[in-house]
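The values are calculated or read from the model by the stated rules, or taken from the named source; none is laboratory data. Note that this is a predicted model, so its numbers are computed, not measured. Reconstructed Cβ throughout: ideal geometry from the backbone, glycine too, with neighbour counts over all protein chains shown. Each accessible area value is taken on the protein alone, full model and side chains, heavy atoms only, with ligands, DNA and RNA left out. Shrake-Rupley method; radii C 1.70, N 1.55, O 1.52, S 1.80 Å.
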Amino acid sequence: MTDTDVLVVGAGPVGLTLAAELRRHGVDCRIVDRLPDPQPHAKAIGIVPRTLEVWDTMGLVDRVLDEAVPHLGQIVYVDGKARPQVELTLPPEVPYPFATLPQCTTERLLTEHLARFGTEVERPVELQAVEVRPDAVQAVLAHPDGRTERLSARYVVGCDGAHSLVRKAAGLTFDGDALPELYMIGDVELDWELPAGYSMRSVNLDENGEMDDMLVCIPMGARRYWLSMLRPNNSQATPAAPDTGTGTGTGTGARTTTTAATTENSPTTSDDTTLGSGSGKGPDLGQIQAVLDRLAPEVTTASSLRWSSAFRTSHRLVDRYRNGRLFVAGDAAHINPPIGGQGLNTGVQDAHNLAWKLALVVRGLAAEELLDTYHAERHPIAQEMVNRTVQHARNVRQVGSGPLNGGAQAEMMLWRQAQLLVSYPDSPLTAAQTENRTAEAGPAAGHRAPDCRGLVSDLAAYPRRLFDLLRTPRHVLLLFAGPEHASGQGAEQLEAWASAAQRAAHGLLDAYFITAADVPRDARPVGLRPSRVRDAAGEFRDAYAPQDGEAILIRPDGYVSGRFHPATPERVAEHLRHTFV
């Protein structure tokens with residue numbers, strides 16, 4: 001017998017997301033962190049639209065939206081001259097925009113969300129050793145009172161950053177390198193009049209057209225900005241150590257040595273959180289002001305320094321996400337240049353992908369092989385993300401306005417930065433596309449399930465979103481009922497498919513009839529279940545291009561698992577057996 005189902009090591013955004021999702025799926029877990037208190041620093045601040053969709057599924061997004069700040073675009077200057085402005089604008093059918101949120105706030109909201117399930121972060125508790133046995137993992141935990149605890153868990157997940165002890169215990173490699181540039185960052189207030197919600201990027205180029213000075217300012221609230229700058233004498237900086245980082249799972253992808261300050265007159269002193277290369281403390285207000293004097297597009301004064309840091313950009317990736325009962329996620333699995341906020345967001349989605357699979361296996365509803373799909377799905381995503389951000393970091397020396405500088409690929413790049421193009425078409429959990437479907441006919445199996453509005457149910461006087469139906473830890477089966485399947489024998493067929501799917505999923509599946517807008521309102525399926533919603537606005541038809549009688553299966557993490565037309569009970573049930581025992 002084990003003491004807990006899952007031990008989560010590291011209480012950054014990734015570990016907190018994993019623990020909260022495990023608890024939402026009904027799994028027992030403990031989450032520990034070696035630091036006595038959460039760090040009060042901004043650190044990773046970019047939140048992409050797909051992560052907001054994940055937090056919507058978790059039931060957290062409303063609280064995030066109350067505290068986040070929209071990131072509308074970027075104002076660009078090269079050698080003091082304005083360049084075309086970058087707009088971070090997505091189509092209206094995408095429910096959430098780009099946003100910024102200080103990491104300390106993200107962690108607070110996730111910690112409060114986790115507490116609603118009766119689980120608290122245990123601090124300061126440090127993982128000291130891991131021993132994998134055939135039926136469990138034995139973990140040694142050090143408590144602040146000097147007590148050593150031996151804990152038995154079915155699985156251990158390392159969300160413990162670039163220095164991950166779990167990764168090392170699992171025998172995973174972490175290959176990569178450091179880029180030569182040395183940066184410094186600061187969390188300050190600026191008194192300029194630039195448009196709210198827009199970041200500002202200003203670079204100077206040398207005689208060869210390469211960047212030799214840079215300032216990026218990203219909004220975090222009223223006059224509050226996260227500043228990134230090249231460190232003076234950058235060309236003479238010493239290389240970073242080959243394997244550096246923190247054990248807290250920050251998800252920033254940066255190597256930093258942090259310092260904290262609260263007011264303009266407060267000293268900036270090193271703290272105990274070392275994310276980086278040992279390059280020294282971050283800049284003070286005077287150093288930050290000197291960069292602003294050189295590169296800001298208008299006269300401005302920096303004040304209220306909350307935190308500063310110096311870091312060198314590194315990139316690393318594990319060879320595997322899993323070794324038996326040990327897993328890694330977030331910075332423990334991948335680190336990358338902090339461009340576009342990709343690191344934290346990728347880590348959160350690692351956790352979201354793993355949690356529902358662990359829950360099914362722990363509850364005996366899925367075989368161990370299901371856990372292999374975590375690596376199969378997430379490792380290629382991290383590989384692409386690391387390669388892309390490294391390429392952008394290298395190109396930025398020649399492309400002064402950064403990776404979203406317009407051109408034929410700008411829209412595709414924007415969707416990629418938003419992480420809305422993440423997909424698992426080659427996953428063992430993805431059903432093969434039927435011959436009579438084309439890639440343009442709505443989201444294919446393995447792709448993100450888009451939201452749509454205007455769904456009307458019998459028991460609500462207001463329209464609903466599809467995401468309202470997906471806010472569940474279960475699989476969801478959508479059965480599209482056009483004129484042939486809205487009533488009578490056609491509806492009986494849909495009911496049979498739904499019943500077969502629910503049996504194959506051990507009841508962990510919600511099924512809905514979605515009737516077409518042109519189906520008469522009084523046409524009903526013959527039974528009371530599944531629930532019926534009407535595509536009154538036609539947005540489901542536009543987003544999914546469903547065929548009459550088609551079944552669309554959506555996983556708990558919001559990805560289309562399969563599309564079946566013609567759908568038979570046997571086909572849907574057979575596909576679900578790839579997930580459920």
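So the values come out like this:
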read-out	value
Helices (runs of 4 or more DSSP H) contained in the stretch 1-100 and holding at least 3 residues among the small types (Gly, Ala, Ser)	13-24
Residue in the stretch 454-467 that is outside any loop (DSSP other than H, G, I, E, B), touching a residue at least 40 places away in the same chain (Cβ under 8 Å), open to solvent by less than 30 Å² (accessible area, probe 1.4 Å) and in contact with a Cys (Cβ under 8 Å, 6 or more places away or on another chain) present	yes
Selection from the stretch 472-522 of residues that are among the hydroxyl-bearing types (Ser, Thr, Tyr) and either in contact with an Asp or Glu (Cβ under 8 Å, 6 or more places away or on another chain) or at pLDDT below 85 (or both)	Thr472, Ser487, Thr515
Members of the stretch 64-79 that are farther than 30 Å from Asp213 by Cβ and either over 26 Å from the mean Cα position of the chain (by Cα) or open to solvent by less than 70 Å² (accessible area, probe 1.4 Å) (or both)	Val64, Ala68
So Pro49, is it touching a helix residue (DSSP H, G or I) at 6+ places or on another chain (Cβ under 6 Å) and not basic (Lys, Arg)	no
Gly343 being at positive phi and either open to solvent by less than 10 Å² (accessible area, probe 1.4 Å) or over 13 Å from the mean Cα position of the chain (by Cα) (or both)	no
Selection within the stretch 16-39 - farther than 17 Å from Ala139 by Cα, at pLDDT 95 or above and either open to solvent by less than 10 Å² (accessible area, probe 1.4 Å) or polar (S, T, N, Q) (or both)	Leu16, Thr17, Leu18, Ala19, Ala20, Glu21, Leu22, Val27
Among (1) aliphatic (A, V, I, L, M); (2) open to solvent by 10 Å² or more (accessible area, probe 1.4 Å); (3) in contact with a Phe, Trp or Tyr (Cβ under 7 Å, 6 or more places away or on another chain), the one test that Val48 misses	(2)
The lone exception for Val348 - which of (1) in a loop (DSSP other than H, G, I, E, B); (2) open to solvent by less than 10 Å² (accessible area, probe 1.4 Å); (3) of a type in the set (A, V, I, L, M) it fails	(1)
Which numbered condition Thr258 misses (of (1) modelled with pLDDT under 95; (2) hydroxyl-bearing (Ser, Thr, Tyr); (3) open to solvent by 20 Å² or more (accessible area, probe 1.4 Å))	(3)
Flag if Pro92 is farther than 24 Å from Ile339 by Cα and surrounded by fewer than 22 Cβ atoms within 10 Å (Cβ to Cβ)	yes
Test result for Asp213, open to solvent by less than 30 Å² (accessible area, probe 1.4 Å) and either farther than 19 Å from Leu285 by Cβ or assigned to a strand (DSSP E or B) (or both)	yes
Answer residue from the stretch 177-193, given it is surrounded by fewer than 18 Cβ atoms within 10 Å (Cβ to Cβ) and of a type outside the set (D, E, K, R) and is nearest to the chain's Cα centre (by Cα) among those	Leu179
Failed item, numbered, when Leu421 is tested on (1) in contact with a helix residue (DSSP H, G or I) (Cβ under 9 Å, 6 or more places away or on another chain); (2) open to solvent by less than 20 Å² (accessible area, probe 1.4 Å); (3) modelled with pLDDT of 90 or more	(2)
